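All remarks here apply to the structure that follows.
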Amino acid sequence: MTAKSLLIVGALGISSLAFAGTKSYDIILNSPTKAGATELKPGEYKLKVEGTQAVFSRDGQQFTAPVKIQNGAHKFDATTMETSHQGDMDTIKAIDLAGSNTVLDFQQ
């Protein structure tokens with residue numbers, strides 16, 4: 001193969017990763033919860049990360065919140081949330097994503 005052919009094959013391979021789909025994570029909220037300025041009702045959500053946005057999907061609706069993406073010290077076995085409770089509402093501080101060392105930091 002020539003260098004040009006290798007470059008084209010590499011570019012096609014990388015672009016196909018973008019279309020492979022973003023991994024989603026299941027999140028269950030037991031009480032009203034804030035993610036950034038976004039208020040989420042209790043229930044089951046699918047969470048995806050799109051750029052610097054966390055996208056929560058439920059019943060055909062999408063809710064977004066800005067996040068800072070950080071690397072944790074190790075790979076996480078499960079998706080877990082760190083929250084704080086104020087009044088009658090929880091606030092998401094961070095989410096560790098299962099199968100990765102990615103931490104979504106909601107405290108910006």
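Remarks
- Count of the stretch 47-61 residues which are of a type outside the set (A, V, I, L, M, F, W, C) and either in contact with a Phe, Trp or Tyr (Cβ under 7 Å, 6 or more places away or on another chain) or touching a residue at least 60 places away in the same chain (Cβ under 8 Å) (or both): 2
- Exactly one residue among Ala65, Ala73, Ala98, Ala94 is exposed (fewer than 13 other Cβ atoms within 10 Å of the Cβ) and not polar (S, T, N, Q), and that residue is Ala73.
- Of everything in the stretch 1-49 that is among the aliphatic types (A, V, I, L, M), farther than 17 Å from Ala94 by Cβ and outside any helix (DSSP H, G or I), the residue that is modelled with the lowest pLDDT is Ala20.
- Within the stretch 83-101, the set of residues being at pLDDT below 95 and out of contact with any Ser or Thr (no Cβ under 7 Å at 6 or more places or on another chain) comprises His85, Gln86, Gly87, Asp88, Gly99, Ser100, Asn101.
- Checking Gln53 against (1) in contact with a Pro (Cβ under 8 Å, 6 or more places away or on another chain); (2) under 13 Å from Ser24 (Cβ atoms), the condition it does not meet: (2)
The values are calculated or read from the model by the stated rules, or taken from the named source; none is laboratory data. In this text, all values refer to a predicted model and were calculated from it rather than measured experimentally. Quick reminder, even Gly has a Cβ in these numbers, built from the backbone with ideal geometry, and neighbours come from all protein chains shown.
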